[in-house]
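The values are calculated or read from the model by the stated rules, or taken from the named source; none is laboratory data. As the structure is a prediction and not an experimental result, all values here were calculated from the model. Every residue, glycine among them, receives a Cβ derived from its backbone with ideal geometry; neighbour counts consider all protein chains shown.
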Amino acid sequence: MDTNTDSTAGPDFWRPLRYVWRTALVLLHILVAVFVAAAIVSWNRKAVMRNGHEPFTHRVQRAWSRQLLRIFGLRAIRFGEPVADPALFVANHTSWLDIEAMHTQRAACFVAKAEIAHWPLVGWLAASAGTIFHRRGNNGSLNLVMQTMVERMRAGRSVAVFPEGSTSHDGVTRVFHARIFQAALDAQVPVQPVALRFARNGRRVLDRGFRDGESFVQNIVRLLGAPPVDFEIHFLEVVPASPNARRHMAELARARIDAVLDVDSSTMPHA
């Protein structure tokens, strides 16, 4: 696995300064998010792409997410092209910033754990962006989530999911849960795998995601002081629909994502 980490770059004398100015920018950015959610996004939750034209609310969400990544020293770089709405995007999951990275390219409805809905401010912002909340380990909740996903996609919205079910910190993609692919089959929309990775000079960086035992807050604090890296979003070939083989769809999506995660991207064409 060809990867690198910040620990190999020597002493980082700029880290204290990054903490100061990035913390101030994050707080300001949150205030902007409150205004955007209250004045624009929450009033246009049902806006959908028409004939390939992206709604204004979606463009606003993408711009906000792109700026958030920049504050954390992350440059979003897209490889490949996302299919038009509606679609089901399935991606590997390493960081809470994965959602924002996806949102820089497409304002999709994400499936997230139900606990987030009760977080002060964050839960309201997530709901305003169309997040579908799921109580893990609850079959009744999963059935409702699947139904909501189908309804959103039939109405013209794209949905994005992390089929691993949780984040991983070691760079290894976990098994994809196959049941989630049924929503795309029921809604009759394409399934597009998306490979997400942090990179520096084309080589994968693993230490921007959650470390073993690291909390959400601890990860935020660490990233506020971290040096800049790229955040690559690779839109891959659509997975053929297999109504009688969801497991095959899940394995193929995972294989296509794994195939690009550790490839040197420095010479790859990107959008």
*Output yes when any residue across region 196-213 is closer than 30 Å to ASN51 by Cα, touching a helix residue (DSSP H, G or I) at 6+ places or on another chain (Cβ under 6 Å) and surrounded by fewer than 17 Cβ atoms within 10 Å (Cβ to Cβ), and no when none is.*
no
*All strands (runs of 3 or more DSSP E) inside region 66-161 with 1 or more residues being under 13 Å from the mean Cα position of the chain (by Cα) and not basic (Lys, Arg)*: 74-79, 88-91, 109-113, 159-161
*Give the residue that is modelled with the highest pLDDT, with candidates limited to residues of region 209-232 that are in contact with an Asp or Glu (Cβ under 9 Å, 6 or more places away or on another chain) and of a type in the set (D, E, K, R).*
ARG222
*Which of the residues belonging to region 1-57 are in a strand (DSSP E or B) and either of a type in the set (Ser, Thr, Tyr) or modelled with pLDDT of 75 or more (or both)?*
THR3, ARG50, HIS53
*If you go through region 174-192 one residue at a time, how many are part of a helix (DSSP H, G or I) and of a type in the set (Val, Ile, Thr)?*
1
*Take the residues of region 144-169 that are in contact (Cβ under 8 Å) with a residue 40 or more places away in the chain and of a type in the set (D, E, K, R): which is nearest to LEU261 (Cα to Cα)?*
GLU164
*Some residue of region 210-227 being at negative phi, in a loop (DSSP other than H, G, I, E, B) and either of a type in the set (Ser, Thr, Tyr) or under 17 Å from the mean Cα position of the chain (by Cα) (or both)*: yes
_Pairs needed: first member in region 245-260, without any contact (Cβ under 8 Å) to a residue 60 or more places away in the chain; second member anywhere, of a type in the set (Gly, Ala, Ser); C-beta distance under 6 Å; at least 6 residues apart or different chains._
HIS248/SER242
*Of all the residues that make up region 140-173, how many are surrounded by fewer than 16 Cβ atoms within 10 Å (Cβ to Cβ) and of a type in the set (D, E, K, R)?*
3
*Taking region 44-78, which residues are of a type in the set (Gly, Ala, Ser), within 19 Å of ALA101 (Cα to Cα) and surrounded by fewer than 15 Cβ atoms within 10 Å (Cβ to Cβ)?*
ALA63
*If you check ALA187 against the conditions, is it of a type in the set (A, V, I, L, M, F, W, C), farther than 26 Å from ALA253 by Cβ, crowded, with 16+ Cβ neighbours inside 10 Å and at pLDDT 90 or above?*
no
_Condition check for ILE180: closer than 29 Å to PRO243 by Cβ, surrounded by 18 or more Cβ atoms within 10 Å (Cβ to Cβ), at pLDDT below 90 and not acidic (Asp, Glu)_ = no
_Single unsatisfied condition, ALA107 versus (1) under 23 Å from ALA183 (Cβ atoms); (2) buried (at least 19 other Cβ atoms within 10 Å of the Cβ); (3) touching a strand residue (DSSP E or B) at 6+ places or on another chain (Cβ under 8 Å); (4) hydrophobic (A, V, I, L, M, F, W, C)_ = (3)
*So, of the residues in region 235-261 that are exposed (fewer than 14 other Cβ atoms within 10 Å of the Cβ) and outside any helix (DSSP H, G or I), which turns out to be nearest to the chain's Cα centre (by Cα)?*
GLU237
